[in-house]
């Protein structure tokens, strides 16, 4: 089979939009937790609630907007407007400060309670715009433009961006004192402006691929299309892959909301950025090339090493606290995480029905975000329920994440193999038929 060549403009658009989109998600998924922890003394339950609320918002948005983009047949419109509004909503977090809250809500409930509530509400608003632009339409556009001869390579680039984004954010945040409100004001302003500008650039960089919309005009039918029993039966392998992907992401979400806090508070790594940067760089490079393994050898050969590498990382992070071992464990964990994301992402795109990519983005988010975003942090909060605490200068107490989050993630990862066994059996049967 001849490989379909993609234009240089496509690769530029893929790289820029994927990177900046992931930078915004890194700020939400990893630093909003730090933000409400340091500024408003949030508990593990508060963090779990925020992640879960955001996951629900992302899923509902992706289902609704994905189906709408299939009906209209235009992804570019939603990508451009979504990124612009996404940037504005990120900037708005610079206004959530103790001094502003005290002026707006004098002599009411505690500033801490209001602050945490505002962050959770605005997180859902921001997620709406981000999911509309990125999760629903950018990812549908990526499916439209690629085919089964080049999706692994494209997904390798797309899936390495979360780690590159972590590196960019870690490096960019390194000079800020995250205990100071003014640092967060600057951070949210910078990220918001960058995402806003990208929405404008999308007008020139993104080109819609023609979509046959003749069968997609029933909007409410589009929304529920992927949940119909006959559709599930017809695309059985897609849904089983989605179950495996959901299990994989649950494992990730058990520890990810607490990862930076674990490095910084539990291990006392004030220079964790410098320690983690090499691990991030190596993992990103590995992931960029690993997607080609899927293109050449298929799902089974590509996914097994990814899960194995992830589990080795968990074991090292659970057993050791020395800097060298934490570095190696983080390298394995990050590499396995992104390798798995690339392979699952490519496999799901290959089994997405033609001209219905927008509808199926909602299903992908159910497996990638909704279920993991509710179950994973809940397990993490349960594991940390009796964690040690530290006393803050203002007399409040904050929890200290411990290594048990990696043990719980390891146990969850074991269940991935059970679902993979079913997938391998079905794919082997399909080849024999």
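The numbers here are math on the coordinates, done by the rules we state, and not lab data. Since the model is a prediction, treat every value here as computed from it, not as a measurement. Note that we place each Cβ from the backbone using ideal geometry, even for glycine, and neighbour counts take in every protein chain shown.
In table form, for the structure just shown:
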read-out	value
Span from the the range 331-386 Cα centroid across to the the range 11-80 one, whole angstrom	13
Per-residue [θ]222 nm for the chain (sum of -39500 (n - 2.57) over DSSP H runs n ≥ 4, rounded to 500)	-24500 deg cm²/dmol
Fewest-first sequence of 351, 31, 83, 314 by Cβ atoms within 10 Å of each Cβ	351, 31, 314, 83
Crossing angle, helix 44-72 versus the chain [Cα axis fit, 0-90 degrees, rounded to tens]	30
Degrees separating the helix 111-130 axis from the principal Cα axis of the chain, which is the longest one	20
Interatomic Cα distance distribution for the range 242-358, bins of 5 angstrom, percent	2, 11, 20, 22, 17, 12, 8, 5, 2, 1, 0
19 Å tail of the calculated P(r), the range 205-282, as % of Cα pairs	67
The chain, Cα convex hull volume normalised per residue, Å³	140
The range 15-82: C-alpha gyration tensor shape, a/c 1.5 cut-off, then a/b vs b/c	oblate
Sequence ranges 340-347, 47-54, 203-210, ranked by mean other-Cβ count within 10 angstrom, highest first	340-347, 47-54, 203-210
Packing-based exposure ordering (other Cβ within 10 Å, fewest first) of 349, 228	228, 349
Among 400-406, 64-70, the order from most to least packed when residues are scored by Cβ within 10 Å on average	64-70, 400-406
Rounded D (µm²/s) - the range 108-211, Kirkwood Rh over Cα pairs, Stokes-Einstein at 10 °C, 1.306 mPa s	94
Candidates 59, 112, 146: whichever shows maximal mean-square fluctuation once the chain is modelled as a Gaussian network with Cα springs under 10 Å	112
Between 0 and 90°, nearest 10: helix 76-91 axis offset from the chain longest Cα axis	10
Relative contact order (%) - the chain, alpha-carbon pairs under 8 angstrom, separation at least six	29
Protection-proxy order for peptides 155-162, 420-427, 283-290, each taking the mean of Cβ atoms within 10 Å per residue, highest first	155-162, 283-290, 420-427
Exposure proxy ranking, count of Cβ atoms within 10 Å, fewest first, for 75, 356	356, 75
